[in-house]
Amino acid sequence: MSFASVTYPEDKAARYEMMTGQIRALTDGISHPISNLANTAALLWQGMPDINWCGFYLMDKGALMLGPFCGLPACIRIPLGRGVCGTAAQMDETQRVYDVHQFPGHIACDSASNSEIVIPIHFGGRVIGVLDIDSPLTGRFDETDQEKLSQLVRYLEKCCDWSQTGYTL
């Protein structure tokens, strides 16, 4: 299999449609979460403009642990309730933060980050991880980003066999 640089549409909805199709093609017949999350992070990193970090944190022993990502080295362990990721996981709610410097307890893994979106991932009725995307632009993420990224996370919840990562019902 070979991959080349892709030119994505300027229109945000068309861009997400194209990325979603690519992610579905990459994960077709593949159920291993780590492989699917790694390819998803890489594809979002390639396809989303104005981001400086994109990846996943997975629950492990009551905290979020760094999973597949693209960007600078990141915080390895995030306690529930700490920062944007820990808050999203603890509250089981997407966090779309216009200005991370105004978010109480924000964890600055990359000082260039100014906005962030974090979407919980579920398995067996509980949060097992989060998709986390940072941007150097303040206010980078909007309702369209939240809707399309949430749809992508719902797809990953279904296409992955989470028991391969040790999660059981």
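The values are calculated or read from the model by the stated rules, or taken from the named source; none is laboratory data. Bear in mind the structure is a predicted one, so any value in this text is a computation, not a measurement. Don't worry about glycine lacking a Cβ; one is built from the backbone with ideal geometry, like all the others, and counts go over all protein chains shown.
Values as computed for the structure displayed
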{"quantity": "Val84, sole failed condition from (1) touching a Phe, Trp or Tyr at 6+ places or on another chain (Cβ under 7 Å); (2) assigned to a helix (DSSP H, G or I); (3) of a type in the set (Val, Ile, Thr); (4) without any contact (Cβ under 8 Å) to a residue 40 or more places away in the chain", "calculated": "(4)"}
{"quantity": "Any hit, region 40-56, residues being in contact with a strand residue (DSSP E or B) (Cβ under 7 Å, 6 or more places away or on another chain) and either polar (S, T, N, Q) or more than 21 Å from Arg140 (Cβ to Cβ) (or both)", "calculated": "yes"}
{"quantity": "Condition broken by Ser5, with the remaining ones in (1) without any contact (Cβ under 8 Å) to a residue 60 or more places away in the chain; (2) among the small types (Gly, Ala, Ser); (3) within 25 Å of Arg126 (Cβ to Cβ); (4) surrounded by fewer than 17 Cβ atoms within 10 Å (Cβ to Cβ) satisfied", "calculated": "(3)"}
{"quantity": "Residue, modelled with the highest pLDDT, within region 87-101, restricted to residues that are under 11 Å from Ser113 (Cβ atoms) and outside any strand (DSSP E or B)", "calculated": "Asp99"}
{"quantity": "Matching residues in region 122-169 - criterion: being within 23 Å of Pro73 (Cα to Cα), more than 12 Å from the chain's Cα centre (by Cα) and hydrophobic (A, V, I, L, M, F, W, C)", "calculated": "Ile128, Leu137, Phe141"}
{"quantity": "Single residue of region 23-79 satisfying the filter (more than 19 Å from Asp161 (Cα to Cα) and charged (D, E, K, R)) that is surrounded by the most Cβ atoms within 10 Å (Cβ to Cβ)", "calculated": "Arg77"}
{"quantity": "Residue that is farthest from Gly62 (Cα to Cα), among those in region 120-169 that are part of a loop (DSSP other than H, G, I, E, B) and among the hydroxyl-bearing types (Ser, Thr, Tyr)", "calculated": "Thr138"}
{"quantity": "Matching option when the condition is modelled with pLDDT of 95 or more, in contact with a Phe, Trp or Tyr (Cβ under 7 Å, 6 or more places away or on another chain) and either among the hydrophobic types (A, V, I, L, M, F, W, C) or over 27 Å from His32 (Cβ atoms) (or both), among Leu152, Leu131", "calculated": "Leu131"}
